[in-house]
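For reference, the structure is listed below as structure tokens.
The values are calculated or read from the model by the stated rules, or taken from the named source; none is laboratory data. The structure presented is a predicted model; accordingly, all values stated were derived computationally and were not measured. Don't worry about glycine lacking a Cβ; one is built from the backbone with ideal geometry, like all the others, and counts go over all protein chains shown.
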Amino acid sequence: MSATIEELRHSAAHLVASAVCSLFENVKIDIGPATEDGFYYDFDLEHRLSAEDFPVIEKAVRKLIGAKLPFVREEVTREQAAEIFKDQPYKLDRLADIPEGETVSLYRTGDYVDLCRGPHVEHSGCIGAVKLMSVAGSYYRGSEKNKMLQRLYGIAAPSQKELDAILNRIEEAKKRDHRKLGKELELFTITESVGPGLAHWLPKGARVRVAIEDYWRKEHFRHGYEMLFTPHIGRANLWQTSGHLGFYKDGMFPPMNVTEGEGDKAVQETYYAKPMNCPFHIQAYLAKKYSYRDLPLRWAELGTVYRYEKDGVRHGLFRVRGFTQDDAHIFCAPEKIEEEIRFTVKFCLHILHRFGFRDITAYLSTRPEKAVGDPEKWEQATASLRSALEAEGMHYEVDEGGGAFYGPKIDMKIKDALGREWQLGTIQFDFNLPERFDLTYVGEDGKEHRPYMVHRALLGSLERFFGILIEHYAGAFPVWLAPVQAKVLPITDAQVPMAREVLAKLQAADLRVEVDPSNDKVGAKIRKATLAKVPYMLVIGGREAEAGVVAVRSREKGDLGTMTPEAFIEMIRNETSEQ
């Protein structure tokens, strides 16, 4: 039976640890798991590892691979393990984590032994190639109170050819890094002056955001949603009722204490910046009484939330402290829930397809052991999720017991141009908040009933989604999203007046256009616009000005000949219309 890629990566981590222990003195080892795209191993040693050490370590690893050393599993007593790792304090600490009565297993590879549950590949020769990528500091067990270890990152593959392909993808990913392109294309910035994890959308990035938001709002109205706008802060008792102060307080910004009222009527109140929009949407629901005839209610908001993401977790636009969620909540009668979920899945796919994502996999997470809510409601909710996926013919995987304690869910994951998987859409039932806030509606029988509540996101965080789009398109956005759809390039100063006339016509047609009035030669202007990834360049020379036309150059197709500004507008409208 062939090993999985996770087993191969984890086995490679053991070989790297073996090599490090053989090359350096007094090495203390911790753990070396497989990761989504490779592996790492944490070490405590006096020598400061650097890229200069990588070739030496890799040479030692290749020697271990060539020796085809078997990965031998041994089951030992806790006392035997303690004796084996008596000089390895981190392993002894990990040993203490193993519950009494549970098997303690080791894996030996040549002279190297590790505390590990496995599994591993059959022998070291099953690992075709290993490449070390970087080294970074990492606190033991992720706590700043503990010692900083050295984390050595690497990748592994069954063959050198496959490793080379991975390395090529990594190089391509570096070129597409949204932080790099965001700076080069003047899309966004994050400054220490304002604070870490707080993004500024610069004019060009803001143009893309407006295009995303305009489309998002238009499609929501078309699909029967109403918009909400809710506050950025709320009183502590709101978050106590929702449960956030009980299970999410560490992810919230510190409280703001204020005095409400004056004199004898003055009271101290505590407010928190909102980490989520849900309690506010619930307050909107509680503002009036609803009947079964009013349901389902589909309420959406581009709501900005704030989460106290710590150092080491923040990453460009992918993980920030302030971000806008494309959030929605659906309040539905139980008898209509299957139909509503099917409608929601179809809508989610419609939106993702518009942004160019076709490779989409759904993950269905079911009821965990500890859960709130009636098991029959869980069963109905899960069945509605499954039915909706099957009705759309979607490939999906089931994560048995992987749902949140308050309801089952569907996660939609897309693959980008490099084949990387990103989670975007979520359709999440919630049997918890309707109980906490005592949500009801009047049923056909005249009695009060509890509605089903569904949290629904299509794109997730707009900041994160924008980062994904930048990397997916390598900054070369499709015309409907491009911050500058066309650049007007007058060849000499004599054509600048016409260039501005063309600009005005195109802007009046709602196109995003700029003029380059600089003294550069037209070739330099074209290169500059190409580097800025502008889809179209409209060149105006003496002949074009006299004829009232523009020479159109496409970023992808090259020269398209001359046409009137009106013909160009019609061409762009056809290209940007939904297919």
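Checked against (1) within 30 Å of Leu198 (Cβ to Cβ); (2) in a strand (DSSP E or B), Lys131 passes all but a single condition, namely (1). Screening Glu192, Glu186 for residues that are at pLDDT 95 or above and either more than 25 Å from the chain's Cα centre (by Cα) or in a loop (DSSP other than H, G, I, E, B) (or both) leaves exactly one candidate, Glu186.
Taking every residue in segment 250-269 that is touching a residue at least 40 places away in the same chain (Cβ under 8 Å) and pairing it with any residue that is outside any loop (DSSP other than H, G, I, E, B), at least 6 positions away or on another chain, the pairs with Cβ-Cβ distances below 6 Å are Met252/Tyr272; Phe253/Ala273; Phe253/Tyr306.
Right, Ala156: assigned by TED's automatic domain parsing to the domain that holds Tyr41, under 30 Å from Glu46 (Cβ atoms) and either in a strand (DSSP E or B) or among the aromatic types (Phe, Trp, Tyr) (or both) or not? When the stated conditions are applied, Ala156 passes them. Summed over segment 15-37, residues that are surrounded by fewer than 15 Cβ atoms within 10 Å (Cβ to Cβ) and of a type in the set (Gly, Ala, Ser) total 0.
Assuming Ile351 fulfils every condition listed in (1) surrounded by fewer than 18 Cβ atoms within 10 Å (Cβ to Cβ); (2) part of a helix (DSSP H, G or I); (3) among the β-branched types (Val, Ile, Thr) apart from one, which condition is it? With (1) surrounded by fewer than 18 Cβ atoms within 10 Å (Cβ to Cβ); (2) part of a helix (DSSP H, G or I); (3) among the β-branched types (Val, Ile, Thr) applied to Ile351, the lone miss is (1).
Residues that are in a loop (DSSP other than H, G, I, E, B), touching a strand residue (DSSP E or B) at 6+ places or on another chain (Cβ under 9 Å) and farther than 19 Å from Val61 by Cα within segment 102-121 comprise Thr103, Cys116, Arg117, Gly118, Pro119, listed in sequence order.
From the list Glu36, Glu83, Glu6, Glu79, exactly one residue is without any contact (Cβ under 8 Å) to a residue 12 or more places away in the chain and closer than 30 Å to Gly419 by Cβ. Which is it? Quick ask: steps written out before the conclusion?
Working: Glu83 fails: closer than 30 Å to Gly419 by Cβ; Glu6 fails: without any contact (Cβ under 8 Å) to a residue 12 or more places away in the chain; Glu79 fails: closer than 30 Å to Gly419 by Cβ.
Among Glu36, Glu83, Glu6, Glu79, only Glu36 is without any contact (Cβ under 8 Å) to a residue 12 or more places away in the chain and closer than 30 Å to Gly419 by Cβ.
Screening Arg386 on (1) surrounded by 15 or more Cβ atoms within 10 Å (Cβ to Cβ); (2) at negative phi; (3) out of contact with any Lys or Arg (no Cβ under 7 Å at 6 or more places or on another chain); (4) touching a residue at least 40 places away in the same chain (Cβ under 8 Å) shows it passes everything except condition (4). Checked against the criterion of being buried (at least 20 other Cβ atoms within 10 Å of the Cβ) and touching an Asp or Glu at 6+ places or on another chain (Cβ under 8 Å), the candidates Gly197, Gly182 yield just one match: Gly197. Just one residue in the set Thr382, Thr344 is touching a Ser or Thr at 6+ places or on another chain (Cβ under 9 Å), of a type in the set (S, T, N, Q) and outside any strand (DSSP E or B); that residue is Thr382. Here the condition is being more than 30 Å from Thr304 (Cβ to Cβ) and surrounded by 18 or more Cβ atoms within 10 Å (Cβ to Cβ); of Lys528, Lys487, Lys533, Lys505, it holds for Lys487 alone.
Please verify whether Asp445 is out of contact with any helix residue (DSSP H, G or I) (no Cβ under 8 Å at 6 or more places or on another chain), more than 29 Å from Glu556 (Cα to Cα) and assigned by TED's automatic domain parsing to the domain that holds Gln325, treating the condition exactly as stated.
In short, yes.
Would you pick out the residues in segment 207-235 that are among the charged types (D, E, K, R) and under 22 Å from Phe466 (Cβ atoms)? Across segment 207-235, the qualifying residues are Arg207, Arg209, Glu213, Asp214, Arg217, Lys218, Glu219. Residues that are polar (S, T, N, Q) and surrounded by fewer than 15 Cβ atoms within 10 Å (Cβ to Cβ) number at least 1 in the following strands (runs of 3 or more DSSP E) confined to segment 212-319: 256-260, 267-273. Within segment 303-331, the residues that satisfy the criterion of being among the charged types (D, E, K, R) and within 15 Å of Gly251 (Cβ to Cβ) are Arg307, Glu309, Lys310, Asp311, Arg314, Arg319, Arg321.
Filtering Met498, Met453 for residues that are of a type outside the set (D, E, K, R), in contact (Cβ under 8 Å) with a residue 40 or more places away in the chain, out of contact with any His (no Cβ under 6 Å at 6 or more places or on another chain) and not assigned by TED's automatic domain parsing to the domain that holds Ala287 leaves a single hit, Met498.
Only one entry of Val513, Val522, Val550, Val539 meets the criterion of being surrounded by 12 or more Cβ atoms within 10 Å (Cβ to Cβ), aliphatic (A, V, I, L, M), touching a residue at least 12 places away in the same chain (Cβ under 8 Å) and within 16 Å of Pro478 (Cα to Cα), and that entry is Val513.
Can you go through Arg314, Arg321, Arg342 and tell me which one is in contact with a Lys or Arg (Cβ under 9 Å, 6 or more places away or on another chain), of a type outside the set (Asp, Glu) and farther than 20 Å from Thr230 by Cα?
Details: Arg321 fails: farther than 20 Å from Thr230 by Cα; Arg342 fails: in contact with a Lys or Arg (Cβ under 9 Å, 6 or more places away or on another chain).
When all the criteria are applied, what remains is Arg314.
Condition check for Leu163 on (1) part of a strand (DSSP E or B); (2) crowded, with 16+ Cβ neighbours inside 10 Å; (3) free of Cβ contacts under 8 Å to residues at least 60 places away in the same chain: one failure, at (1).
Count of segment 167-183 residues, restricted to those that are outside any loop (DSSP other than H, G, I, E, B) and among the acidic types (Asp, Glu), is 2. Among residues of segment 182-196 that are small (Gly, Ala, Ser), those with a beta-carbon under 6 Å from a residue that is not in a helix (DSSP H, G or I) at least six positions away or on a different chain give the pairs Gly182/Phe188.
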